[in-house]
Amino acid sequence: MSIKFAFAGFRHAHIVDLYKQANAHPDIEIVAACEENKEARQAADNENTVEITHSLFTAMLAEVDCEVIAVGDVFARRGCILIEALKAGRHVIVDKPICTRLEELDEITALAADKSLAIGCKLDLRDWGAFRQMATMIRSREIGEVSAITFGGQHPLNYDSRPAWYFEKDRHGGTLNDIAVHAIDYIRWATGLEFAAINAARNWNADLPQAPDFKNAAQAMLTMQNGCGVLGDVSYLSPDGFGYRFPHYWRMKFWGRDGVLETSFNTGEVVLYRRDASEPKRIPAGENRTGGYLEDFLREINNEEAAGDDLRTADVLLASRTALRLQEAADQPLGNLNL
């Protein structure tokens with residue numbers, strides 16, 4: 001029997017990817033799609049990919065029989081949509097970030113627990129072959145205890161084609177919350193370690209006068225429970241001309257007692273520098289687990305046992321909380337926050 005999905009908001013390209021995956025999935029039936037913004041609704045119609053059925057979310061929620069609400073609205077609107085969907089007894093799956101305020105996350109967390117509802121999220125860095133291979137090597141202790149981690153999640157801004165709402169005050173919610181959540185989830189998943197503290201975080205407008213309220217540059221420093229230090233940069237500073245093919249797009253290094261592991265989104269390999277070797281070892285990336293986060297979500301709402309290291313509601317909520325605390329630390333600004 002198919003699981004009925006209804007979609008709320010198409011304000012980012014990621015939600016269209018989820019719509020396509022859901023539409024092609026044998027166990028999912030898309031029963032409704034809502035877009036409240038007139039221009040976005042017309043754009044969706046023009047693309048001829050999404051069939052919009054509603055122009056008001058509250059009406060769709062009241063009228064449509066479904067088990068899942070998939071949310072892709074403006075970042076600052078997502079929290080209130082999730083809260084209403086959860087109150088109505090629906091599971092939710094979201095493009096990241098799931099919300100932009102800690103008080104929203106508190107309510108989302110309480111509702112999901114009280115009503116035994118699942119929260120999925122497109123935290124798909126753990127689904128990419130190179131990063132899956134690197135996680136396997138970290139867990140098999142190829143480099144021993146992890147002592148330091150650096151990650152670069154810099155993105156191209158593509159100012160002229162990125163949705164205009166990104167640059168409108170109080171609608172985006174912050175670059176750390178937007179991007180760093182991917183790395184936070186992946187590092188927890190790959191190492192099995194929890195984050196213990198935020199040492200420092202900063203975001204700022206880096207030479208973007210056309211959008212003075214948008215802080216396109218962001219960096220962070222954290223500590224993990226074993227004392228491992230983490231340094232990250234998730235700025236929108238990559239050269240637009242390279243798009244997402246830039247060799248430094250999602251590049252990570254894990255430094256351990258016995259060596260170093262490095263990979264990035266576009267390399268197709270993991271490089272191991274062992275302490276007892278003089279030449280690097282290059283390991284081909286494994287297969288991508290395309291749509292893995294969606295499969296994990298379906299298993300959870302079907303009350304199936306987790307398949308090894310699934311992305312579950314607790315993971316989504318913890319990664320989201322850490323990202324929001326990072327954003328808070330940058331915005332205040334604050335430092336040395338215990339988690």
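The values are calculated or read from the model by the stated rules, or taken from the named source; none is laboratory data. The model shown is predicted, which means the values in this text are computed figures rather than measured ones. Cβ placement follows ideal geometry from the backbone for every residue including glycine, while neighbour counts extend to all protein chains displayed. Only protein heavy atoms, including side chains, enter the accessible area calculation; ligands, DNA and RNA are left aside. Shrake-Rupley method; radii C 1.70, N 1.55, O 1.52, S 1.80 Å.
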Say each of Gln332 and Asn302 gets a label point 7 Å from the Cα, pointing the same way as Cα to Cβ; how far apart are those two points in nm? 4.4 nm
Using alpha carbon centers only, the stretch 1-41 is separated from the stretch 56-132 by a whole-angstrom value of 13 Å
Exceeding the 20 Å Cα-Cα cut-off - candidates Lys253/Lys281; Lys96/Lys215; Lys215/Lys253; Lys20/Lys215; Lys38/Lys215: Lys215/Lys253; Lys20/Lys215; Lys38/Lys215
Out of Ala190, Cys228, Val64 - ranked by how far each Cα lies towards the positive end of the dipole of the chain, with unit charges on the beta-carbon of charged residues - the top one is Cys228
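Roll a 1.4 Å probe over the protein chains and send me the accessible area per residue for the stretch 250-326 in Å².
On the way: 3870 Å² over 77 residues.
Normalised by residue count, the accessible surface of the stretch 250-326 is 50 Å².
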Just to be sure I understand: with springs between alpha-carbon atoms less than 10 Å apart, which residue in Arg11, Arg141, Arg202 has the highest mean-square fluctuation in the Gaussian network model of the chain? Arg141
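If you take all C-alpha pairs in the chain, what percent of them are over 28 Å apart? Present the calculation step by step, with values, prior to reporting the outcome.
On the way: 24276 of 57291 pairs.
Looking at the chain, the distances longer than 28 Å represent 42 percent of pairs.
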Under unit Cβ charges (Lys, Arg +1; Asp, Glu -1), what dipole magnitude, rounded to 20 debye, does the chain have relative to its Cα centre? 920 debye
Relative to the longest principal Cα axis of the chain, at what angle does helix 292-301 sit, 0 to 90 degrees, rounded to 10? 60 degrees
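What dipole magnitude, in Debye to the nearest 20, does the stretch 167-309 give about its Cα centre under +1 on Lys/Arg Cβ and -1 on Asp/Glu Cβ? Don't skip to the answer; put the middle values down first.
On the way: 15 positive and 21 negative charges, 113 e Å.
My answer is approximately 540 debye.
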Report the accessible area of Leu102, computed with a 1.4 Å probe over the heavy atoms of all protein chains in place, in Å² rounded to the nearest 10. 40 Å²
Average accessible area per residue (Å²) across the stretch 203-246 - probe 1.4 Å, nucleic acids and ligands excluded: 49 Å²
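Could you order Tyr244, Tyr236 by accessible surface area, starting with the largest, using a probe radius of 1.4 Å?
Values: Tyr244 95, Tyr236 10 Å².
Largest to smallest exposure gives the sequence Tyr244, Tyr236.
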HN-Hα J couplings of the stretch 17-22 from phi, Karplus 6.51/-1.76/1.60, θ = phi - 60°, integer Hz, Gly and Pro as x? 4, 5, 4, 5, 5, 5
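Please give the length that would be gained between Thr58 and Asn288 if that part of the chain were fully extended, namely 0.36 nm times their separation in residues minus their C-alpha to C-alpha distance (nm, one decimal). Intermediate values should be presented prior to the final figure.
Numbers: separation 230, 0.36 × 230 = 82.80 nm, distance 3.69 nm.
Roughly 79.1 nm would be gained on extension.
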Quickly work out the Ala196-to-Asp213 label distance, labels modelled 7 Å from Cα along the C-beta direction, and quote it in nm with one decimal. 4.0 nm
So how far apart, in nm, are the two label points at Asp240 and Ser2 if each is 7 Å from Cα heading toward Cβ? 4.0 nm
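Which whole-number percentage describes the relative contact order of the chain, with Cα contacts under 8 Å and a sequence gap of 6 or more?
Numbers: 720 pairs, mean separation 63.4, N = 339.
Over the chain, the number comes to 19 percent.
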Farthest positive-ward along the chain dipole, Cα basis, beta-carbon charges - from Ile119, Gly89, Ser320: Ser320
Name the most mobile residue of Ala306, Ala32, Ala112, meaning the one with the largest mean-square fluctuation, in a Gaussian network model of the chain with Cα contacts below 10 Å. Ala306
Calculated [θ] (222 nm, deg cm²/dmol) that DSSP helices of n ≥ 4 give over the chain, each run adding -39,500 (n - 2.57): -10000 deg cm²/dmol
Residues in the stretch 44-76, backbone N under 20 Å from the label point at Ala164 (7 Å along the Cα-to-beta-carbon vector): list them, ranges by number please. 44-47, 73-76
Let me make sure I get this right: for the stretch 66-216, a, b and c are the square roots of the gyration tensor eigenvalues over alpha carbons, sorted descending. Under 1.5 in a/c it's rounded, otherwise prolate if a/b > b/c, else oblate. Which is it? oblate
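Out of the total accessible area of the chain (probe 1.4 Å, heavy atoms of protein only), what percent is carbon and sulfur? Please list the in-between numbers first.
Values: 6970 of 14860 Å².
Roughly 47 percent of what the probe reaches on the chain is carbon or sulfur.
Hey, what's the stretch 128-194 come to in accessible area per residue, 1.4 Å probe, Å²? Walk me through the intermediate numbers first.
On the way: 2330 Å² over 67 residues.
For the stretch 128-194, the per-residue accessible area is 35 Å².
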Which whole-Hz couplings ³J(HN,Hα) result when phi for each residue of the stretch 169-177 is put into the Karplus expression 6.51 cos²θ - 1.76 cosθ + 1.60, θ = phi - 60°, listed in order with x for Gly and Pro? 4, 6, 10, 8, x, x, 5, 5, 5
Please name whichever of Ala13, Ser55, Ser2 sits farthest to the positive end of the charge dipole of the stretch 1-103, dipole taken about the Cα centre and charges placed at Cβ: Lys and Arg +1, Asp and Glu -1. Ala13
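Let's see if you can work this out: charge +1 on each Lys and Arg Cβ, -1 on each Asp and Glu Cβ, no other charges. What is the dipole magnitude of the stretch 28-116 about its Cα centre, in debye to the nearest 20?
Working: 9 positive and 18 negative charges, 42 e Å.
Magnitude of the dipole: close to 200 debye.
With the Cα gyration tensor of the stretch 17-130 giving a ≥ b ≥ c as the square roots of its eigenvalues, does the rule (a/c under 1.5 for rounded; else a/b larger than b/c for prolate; else oblate) give rounded, prolate or oblate?
Values: a/c = 1.44, a/b = 1.18, b/c = 1.23.
Judged from the Cα gyration tensor, the stretch 17-130 comes out rounded (a/c under 1.5).
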Could you work out how much longer the chain between Ala110 and Gln21 gets when fully extended? Use 0.36 nm per residue separation minus the Cα distance between them, nm to one decimal. 29.1 nm
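What order, most packed first, do the peptides 247-259, 85-97 have when packing is the mean number of other Cβ atoms within 10 Å of each residue? Please report the intermediate quantities before stating the final value.
Values: 247-259: 18.3, 85-97: 22.5.
Result, highest mean first: 85-97, 247-259.
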